Amino acid sequence: MKTQSLLYASVLALAQLGQCSPTPTRELERRDLISDAIHNLEDGLSAAANEGFDVVGKILTNLDNIVPTARPASVQDAMNGCQEILAPTGQPKPNLVAAIGQLVAGGLTSDSKSSLGGSLDKDENSFVNNNARSPWPPAYPRAGLHDAPYSISESALRAAIHIPSSFRYGARGAPQPIIMVPGTGSTGYLTFQGNYIPLLQGSNIADPVWLNIPEYALNDIQLNAEYVAYAINYIWGMCNHRKVAVLTWSQGSLMGQWAYKYWPSTRSRVTDQISISPDYHGTVAANLISPPGIAYPPSILQQQYNSQFVATLRSGGGDQAYVPTTNVYSGFFDEIVEPQQGDGASGFLSSSRTAEASNTEVQKACPFALAGGFYDHETTLANPVGYALLVDALKHDGPGKLERINLDSVCNNLLSPGLGLGDFLATQNNLLVAGVQTFLYHPLVLVEPEIKGYARGGSSGYGYRA
């Protein structure tokens, strides 16, 4: 009964949150209510299944009932609102359920739970894309002698690649192809619709396609990485063997690194990986989100800081760059990936003897400047330093480097040039999408998936360092 009471309190907090009007008194009441819910929710989740309480159903129902009570007037206003919710001064950080509810109520996402379906149903967000043309040489069953075997069919791997009608297939004079890879709980379209899709589509910088990985990338990361490995070889083969770039967010960095390690054919076909909010070492926050004994989607368990997946990836050179890699992350404040500061950041990757990595914490790149302020896990995608480093990386051999960038100009902006408030809210929407999809995912697991045979023991011959 205690568990039910705690969960009912948490659900009630979300229910009442949706009813609050945007007055100062109500705002204080709302924060107090959510503060109580923060401590109650995780205590109750572990016993919820045994006591038969449908906490997920109740949370989703109450998220449905939350509607924005205000809208930010500017990008700075929106950033301030996100900071007050995700990194409140002198208060404990909210759990993600509470944070999502507060963001929606504050008008800090482009959708509410009830309106989210419109974004999910767009053709650009499809998991079943019609890519009838075949590459040369074939990308399946193997593009290279030392590539690991795929466990997913070629038709399924190919269907996850969304190629917009504007894509020029590496034609003469066209910008370099770039493959966009999403993070946990999102798709390529939803991840990048408010940032790099509008920044790059139709530009002379890069020509984007993106991956909409089934199950919103909540499944086994080893499987998710197969989509990345295949996409690299497919797009390369479809673009007259023109090398591609790869842009990743969050878990996408792990997918890319796993793909390079165990499908080494990809390495010579990629000029750059640009990773925003990467977590090459997983996150200690995942240990808080998914404490022992609670079932979660596989990829969340795999992103625990000392998970078997992370340990396997980082062994044998996997903690170093396989391709020129540009990493960009926020030390203040990534609510998903921690630690994310200095050389100990999860987003930090060492250079190898064959490929250089650059690692940029935006607050250190732009101290006391607009671009060095508060950026969370999602909105770092819109940070102007990240965009400037991407442009620099694609123009030069090796990763993007701060010394080639006009930081006086770049740091004086909140967002990448051309982005506005609507783009910022669409980018922040990723947290709502990820939260909802995490609740809807099935089947949940208590332990992370077993490491694939090709990655065990180091004697398989796959993923040798070229």
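Which loop trypsin sites (Lys or Arg not before Pro) in segment 351-411, with loop taken from DSSP, have no more than 14 other Cβ atoms within 10 angstrom of their Cβ?
Hits after loop and neighbour filter: ARG353.
Using 0.36 nm per residue of separation minus the Cα-Cα distance, give me the extension gain between ARG142 and HIS241 in nm, one decimal.
Full extension of this stretch gives 34.0 nm more.
Quick one: putting +1 on the C-beta of Lys and Arg, -1 on the C-beta of Asp and Glu, what dipole do you get for segment 95-153 around its Cα centre, in Debye to the nearest 20?
Dipole of segment 95-153, to the nearest 20 debye: 120 debye.
Can you give the charge dipole size of segment 391-451 about its Cα centre, rounded to the nearest 20 debye, using +1 on the beta carbon of Lys and Arg and -1 on the beta carbon of Asp and Glu?
It works out to roughly 160 debye.
Report the convex hull volume per residue for segment 123-418, counting only C-alpha atoms, in Å³.
120
For the residue pair GLN76 and GLN308, what label-to-label distance in nm results when each label sits 7 Å from Cα along the Cα-to-beta-carbon direction?
5.2
Mind checking the dipole of segment 123-418: about its Cα centre, +1 per Lys or Arg Cβ, -1 per Asp or Glu Cβ, Debye to the nearest 20?
Dipole magnitude for segment 123-418 comes out near 1020 debye.
Calculate, in nm to one decimal, what SER409 and SER151 gain on full extension: separation in residues at 0.36 nm each, minus their alpha carbon distance.
Full extension from SER409 to SER151 adds 88.1 nm.
If you take the beta carbon distance between VAL56 and VAL284 as r and set R0 to 25 Å, what does 1/(1 + (r/R0)^6) give as a FRET efficiency, to the nearest 0.05?
So the FRET efficiency works out to roughly 0.55.
Enter the per residue convex hull volume of segment 329-420, computed from alpha-carbon coordinates, in Å³ rounded to the nearest integer.
Spelled out: Cα convex hull of segment 329-420, divided by residues, is 96 Å³.
How many percent of Cα pairs in segment 109-171 exceed 18 Å?
Of all Cα-Cα pairs in segment 109-171, 55 percent lie more than 18 Å apart.
Highest mean first, how do 118-129, 327-338 rank when packing is the count of other Cβ atoms within 10 Å averaged over residues?
The peptides rank, most packed first, as 327-338, 118-129.
All of the numbers you see were taken from the coordinates with simple rules; none came from a lab. No experiment lies behind these values; they were computed from the predicted model shown. Every residue, glycine as well, gets a Cβ built from its backbone with ideal geometry; the counts of neighbours run over all protein chains shown.
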